[in-house]
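Below: the structure, in structure tokens.
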């Protein structure tokens, strides 16, 4: 049996080390590669949404990943997650948005869900995905949200301590109102590593580990 190949499409180079580490630690026997374009997330932020021009560019990267031999294409930016779903109609391999496994999991475990983001462009795609996942399994959920507006600026400036603390503050606030806290962006996952278990009394979910669980399942690893 041939070795499977995963192609990651990123809108920021900042998350490349995270996914490389997870793949190397948890998904052995699988090849992978990254396509990253920082201009995409800058344009999403500037325009405030994902219009046709940005969607077309994301699709081009997905096609490049398929041409590079990917058996699965993972789009790791939640802001363009809906583009990933649309793009799957144009290529011959599965295109998976990074937060889909997390959304499917969280609606099975909680009914009052808190979504924390550092970019406002991520909120609506993430909340819509959670609601669709809940509807698909016949569950009703209530979704609250909060945005840590300054955190992403710190992340882009490589001021990781400041980014992580703002995200942790948001987690603490949402955890008082919800049964689970969902981190809307893969780039936020790093903040959870520095939290003590005593700081929150609800689960905090980030998309990268649950994506790896999904890949292990579909690849029978």
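Each value in this text was obtained by applying a stated rule to the coordinates, not by laboratory testing. Keep in mind that what you see is a predicted model, and the values were worked out from it rather than measured. Cβ: placed from backbone, ideal geometry, glycine included. Neighbour counts: every protein chain shown.
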Estimated [θ] at 222 nm from DSSP helical runs (n ≥ 4, -39500 (n - 2.57)) normalised by residues in the chain, nearest 500
-15000 deg cm²/dmol
Please arrange 163, 28 by counting, for each residue, the other beta carbons lying within 10 Å of its beta carbon, fewest first.
28, 163
Points 7 angstrom from Cα along the Cβ direction at residue 195 and residue 112: gap in nanometres?
1.7 nm
Expected sort for 190, 132, 196 with the fewest Cβ neighbours (10 Å cutoff) up front is 196, 132, 190
Two pseudo-spin positions, 7 Å from Cα along C-beta at residue 213 and at residue 93, lie apart in nanometres by 2.5 nm
The FRET efficiency for residue 64 and residue 131, from their Cβ-Cβ distance with R0 = 30 Å and rounded to 0.05, is 0.45
By the C-alpha gyration tensor axes a ≥ b ≥ c (rounded if a/c is under 1.5, else prolate when a/b exceeds b/c, else oblate), the shape of the chain is rounded
To the nearest 0.05, how large is the calculated FRET efficiency for residue 20 and residue 47 if R₀ is 25 Å and r is the Cβ-Cβ distance?
0.30
As an exercise, use a Förster radius of 30 Å and the Cβ-Cβ distance of residue 176 and residue 124 to find the FRET efficiency, rounded to the nearest 0.05.
0.80
How would you rank 158, 97, going from fewest to most other Cβ atoms within 10 Å of each one's own Cβ?
158, 97
If I fit a long axis through the Cα atoms of helix 207-218 and take the longest principal axis of the Cα atoms of the chain, what angle between them do I get, 0 to 90°, rounded to 10?
40 degrees
Distance in nm between pseudo-label sites at residue 159 and residue 28 (7 Å out along the Cβ direction from Cα):
4.2 nm
So how tilted is helix 120-136 from the main axis of the chain? Cα-based, degrees 0 to 90, rounded to 10.
80 degrees
For the chain, longest principal axis from Cα atoms; helix 16-26 axis from its Cα atoms; angle between them, nearest 10 degrees, is 80 degrees
